[in-house]
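Any read-out appearing in this document is the output of simple, stated calculations on the displayed coordinates, not a laboratory observation. Keep in mind the model is a prediction, meaning the values are calculated, not measured. Here the Cβ positions follow ideal geometry from the backbone for every residue, glycine too, while neighbour counts run over all protein chains shown.
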Amino acid sequence: MGIKFNENTREFHLYNKHISYIIRIIDEIEQVENVYYGKKIRHRNSFKHITERELRPSCNMFKGSYTSSLEHIKQDYPSYGTTDYRYPACSITSKNGSSITDFQYKSYEIIRGKKALKDLPATYVEDNEEAETLEITLVDDVIESKLILSYTIYKELDVICRNAKIINEGDEILFVDRAMSLSIDLPDSEFEMIHTTGAWARECHLRKRKLVEGVQSIHSLRGASSHMHNPFMILKRPDATEHTGEVYGFSLVYSGNFLGQVEVDPYGISRVMMGINPYNFRWKLNKGEKFQTPECVMVYSSEGLNKMSQTYHKLYRTRLARGKWRDKERPILINNWEATYFDFNEEKILSIARSAKELGIELFVLDDGWFGKRNDDKSSLGDWVPNLVKLPEGIKGLSKKVEDIGLKFGLWFEPEMVCSDTKIYKEHPEWVIHTPSRNMSHGRNQFVLDFSQEEVVNYVFDSMDKVIGSSEISYIKWDMNRYITEAYSRALEEDRQGELFHRYILGVYKLLQKVIDKYPNILIESCAGGGARFDPGMLYYAPQTWASDDTDGFERLKIQYGTSMIYPISAIGSHVSAVPNHQVGRVIPLDTRGNVAYFGTFGYELNLSTITDKEKEVIKEQVRFFKENKLLLHHGDFYRLMSPFEKSETSWMVVSEDKSKAIVGYYKGLSKPNEKYNRIKLKGLDPNKLYSIEGREETCCGDELMNLGIVLSKDYTGKFSEYYERVHEDFMSQLFVLNEVKDI
Ligand code: DGJ
């Protein structure tokens, strides 16, 4: 791995074993040109031969020159209006109202390792040998400001991280109207764009579309990354599959309003950009002030989508998530939400906890409804005082009793919200986000606290601290259940209102960090009405996220499959819930519900004190199985084998690093008569190893399992009665556990 600088041609080559990223400073124009990004190519002392300057009718920067049009140069952080008419990466308005900028190259620095981003989540290194960073400084003399573009390449991961920083070094005030984290011009448009689409309870459904001329984009303007689009985009070659071909991933480490966009121009160039959504964004920069963009993480794979996912999984699991829980085995939890909703008292909770303990479950999580007068979703958010009618000894007493049963105790908070019947709302109406003289829209009867105000963040911290500090709390579920409307902060000056959405998210990060600093041993699971803030920004603070409020095992296949595109299995909150399922009314066998939830953080969300003895036995076995295989499921290499977006079956698997163990999940939709033959071709095994498959007599070699596959249809020769006795059911699933057979 390294970053080479060709001094004569002013070219930078960032490379590791598999990827190359080459940029140059354009002569005379002095801006950054993108020369190449893709599979590793050898280093040359000059890449001048890779220069495209066609003669085209256009506006040119210099008199007598016909090839100095930025419209026809592939750039890395373009501005608008100096011969380029495509969407720019940045736009800054100066005192005279002009938003023309011309940042020109001044210097570069190559740094071992990777710098942290002030107040923002970002990937990191533990040792400076893991990555190298290039910082390019450009200056616009007219507006006296600096632009610093940062590029980090990891040694062992095919990752380039980018961010940008703008510094006002002049006397005049500047307004940053747009500052993307990344922009890159790829030389053609032979791509399909993959992204997610969704809504509450059906997050992360994958969509694929061919790139066409014009702009195609995903975005959020809701104050959170949102259920609608997760902040990632993938460009894949049309012939690329899960396991072959060229794929580029772009993932934004941010939890607020974002934009991901690809603009294909008439010459086939694809301009990809990602960052804070510029709509309604305006950041005032006084003299000496800086604006730092969030980080965007690019992954290149020449081995299909799955390899790209594995790179993101490893990076986000080990170099984005932090703290004690990053590598530690996560507890199997029972959450009372779908078991009781708001209708509980101490005895009901303790009875669930006692049953959970009998079954081997490790953590009890008390969800919404433990505070104030909250018996439905109309009241009390913001007053984090235990409800002594439901819980006579408060959270302190309850948590102690749960610990005495032998479980750890976890608690739900929704720190960013407030209901109008609370003390905090009545005493501080100015702490609520709301435009004066306008209607105040509610979402689930609640309003959003103005986290751009430090005072508010500190107040909420103190109220949480009172509860956490006086009880035995090992886990927090950090929920957020509505988007921002009528955005306006009463604490910001009028020319700073465009900063609110970003400042809000910075406030959320600040509060999370305060909680982590004081309680580093607490495991935080983030949640936003399910997956409305399932993003890399939150993963920096909370290593797991509740993926969706839809707990139906069949619906979950799509949600978890889509989420796995970028996020590690150890981050995907998944529970076994009751049937008929509360969201869709579907009845799915208990073992299938477990087989789906294993490929996530794993836990339960049903009333364990009212289930049958037979169900208890199944759950006991599920808990035993998950405990035995937690580390493999969470730290192993994940492979997608059959897509629920393409057929009615789904399959995926994990393989241990040494390839000695693997677990394969296979799931069916509706049961079919007289079914066709079927096999699952596995991935990632050692072709030369011999594997046993638990529950089957035969042993198979890795090459057989990967090329011929696991044979799903049975050999009924001489077993007629078995054939007639077999069970037919909708939503059946099978789990195959493979172990290397060593002594043969
Ligand atoms: C939304 C979450 O996604 C649910 O799991 C639950 O915690 C409810 N909020 C509680 O109000």
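Structure notes:
- Region 587-744: C-alpha gyration tensor shape, a/c 1.5 cut-off, then a/b vs b/c: oblate
- The residues 700, 90, when put in order of fewest to most other Cβ atoms within 10 Å, stand as 700, 90.
- The HN-Hα couplings worked out from phi for region 575-583 by the Karplus form 6.51 cos²θ - 1.76 cosθ + 1.60 (θ = phi - 60°) are 10, 8, 10, 6, 10, x, 4, 6, 8 Hz, whole numbers, x standing for Gly and Pro.
- Summing +1 for each Lys or Arg and -1 for each Asp or Glu among the other residues whose beta-carbon sits under 11 angstrom from that of residue 644 gives +2.
- Interchain or long-range residues, amide H under 5 Å from residue 40's placed H: 19, 20
- Short-range pairs are left out: with C-alpha atoms under 8 Å and at least six residues apart, the relative contact order of the chain is 10 percent.
- Packing order of peptides 25-36, 249-260, highest average first: 249-260, 25-36 (average count of other Cβ atoms within 10 Å over each peptide's residues).
- Between residue 131 and 113, 155, the built amide H atoms are under 5 Å apart, and every one of these is 5 or more places off in sequence or on another chain.
- Alpha-carbon spread of region 649-740, three principal axes, descending order, Å: 40, 29, 19
- Acute angle (nearest 10 degrees) that the helix 613-635 long axis makes with the longest principal axis of the chain, alpha-carbon atoms: 30 degrees
- Considering only 701, 728, 664, the residue lying farthest towards the positive end of the dipole of region 649-740 is 728, judged by Cα position with unit charges set on Cβ.
- Taking one quarter of the surface of the C-alpha convex hull of region 2-319 gives a mean projected area of 16.2 nm².
- Placed amide H near residue 241: partners under 5 Å, 5+ positions off or other chain: 305
- Taking the fewest neighbouring Cβ atoms within 10 Å as the starting point, the ordered list for 311, 551 is 311, 551.
- Alpha-carbon centroid distance for the pair region 602-632 / region 295-318, whole angstrom: 32 Å
- Remark: relative contact order (region 170-321) = 30 percent; criterion is Cα-Cα distance under 8 angstrom and separation of 6 or more residues.
- Residues 653, 298 in ascending order of nearby Cβ atoms (within 10 Å, fewest first): 298, 653.
- Integer Hz, Karplus 6.51/-1.76/1.60 couplings in order for region 16-32, x for Gly and Pro: 9, 4, 10, 10, 10, 9, 10, 10, 9, 8, 6, 4, 6, 6, 6, 10, 8
- Label-point gap, in nm, between residue 690 and residue 44 - each point 7 angstrom along Cα→Cβ: 5.2 nm
- The share of alpha-carbon pairs in region 73-128 lying farther apart than 12 Å comes to 76%.
- Convex hull volume of the C-alpha atoms in region 236-395, normalised per residue: 257 Å³.
- Rg in Å to one decimal, and Dmax rounded to a whole Å, for region 140-265 via C-alpha atoms: 17.1, 54
- Cβ-based net charge around residue 554, under 13 Å, with every Lys or Arg adding one and every Asp or Glu removing one: 0
- Tail fraction, Cα-Cα pairs, region 462-529, threshold 20 Å, whole percent: 42 percent
- Pairs of alpha carbons in region 532-585 whose separation is greater than 19 Å (percent): 28 percent
- For the chain, the Kirkwood estimate of hydrodynamic radius, built from reciprocal distances between every pair of different alpha carbons, is 27.4 Å.
- The Stokes-Einstein estimate for region 120-193, based on a Kirkwood radius over Cα pairs and taken at 4 °C with 1.567 mPa s viscosity, is a diffusion coefficient of 87 µm²/s.
- At most 16 other Cβ within 10 Å, DSSP loop - chymotrypsin sites (Phe, Trp or Tyr not before Pro), region 270-361: 279, 341, 342
- Three-way shape label, region 37-176, alpha-carbon gyration tensor, a/c 1.5: oblate
- Normalised by 2.2 N^0.38 Å, where N is the number of residues, the C-alpha radius of gyration of region 309-430 stands at 1.27.
- Length-normalised contact order of region 1-108 in % [C-alpha pairs under 8 Å, at least 6 apart]: 18 percent
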